[in-house]
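Here's the structure we're looking at; comments come further down.
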Amino acid sequence: MIDATEVQGRIQAAHNAFVDWRRVPFAERAVVLNAEAELLDSGKEGYAARITAEMGKPITQATAEIEKCTWVCRYYAEQGENLLSEERIPLDDAEARLPRGRDLCDHALEFSFLAGLSRGRSGPDGR
């Protein structure tokens, strides 16, 4: 178990990573996401076996989960810039601007797996 200081440190590290990542140009983000997709695709069987071993999920479902994670990486590599752009809504004498990044919050489970993968903790061999 971790203490409150460790929790605060992890929250601060996550915030710092967010601040840094938001400054990375979309083209560079796409390279990272496509690399993650290739890593997932090449290790699909091992990742699926690990999910099955750790969660008891049937191997076909675990494989489908990895395939979905791969698709998500490729989709956001291609569409991320558009999805994170502001939506401009013309009004009579003005224009409303709505950030659209909030729409990206529906892939929490995939994100958890990918976050672990990015930190080197979700390799097919469990390391």
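The conditions are (1) under 17 Å from A37 (Cβ atoms); (2) in contact with an Asp or Glu (Cβ under 9 Å, 6 or more places away or on another chain); (3) at pLDDT below 75, and G123 fails exactly one of them. Which is it?
Among (1) under 17 Å from A37 (Cβ atoms); (2) in contact with an Asp or Glu (Cβ under 9 Å, 6 or more places away or on another chain); (3) at pLDDT below 75, G123 violates only (2).
Taking the condition of being under 25 Å from L83 (Cβ atoms) and of a type in the set (G, A, S), how many residues in the stretch 31-72 meet it?
Residues flagged as under 25 Å from L83 (Cβ atoms) and of a type in the set (G, A, S) within the stretch 31-72 amount to 3.
Tell me which residues, restricted to the stretch 39-60, are free of Cβ contacts under 8 Å to residues at least 40 places away in the same chain and within 20 Å of R74 (Cα to Cα).
Within the stretch 39-60, D41, S42, K44, A48 meet the criteria.
The conditions are (1) within 24 Å of L83 (Cα to Cα); (2) surrounded by 14 or more Cβ atoms within 10 Å (Cβ to Cβ); (3) among the charged types (D, E, K, R), and E28 fails exactly one of them. Which is it?
For E28, the failing item is (2).
The values are calculated or read from the model by the stated rules, or taken from the named source; none is laboratory data. As the structure is a prediction and not an experimental result, all values here were calculated from the model. When we count neighbours, we look across all protein chains shown, and the Cβ atoms used for this are built from the backbone with ideal geometry, even at glycine.
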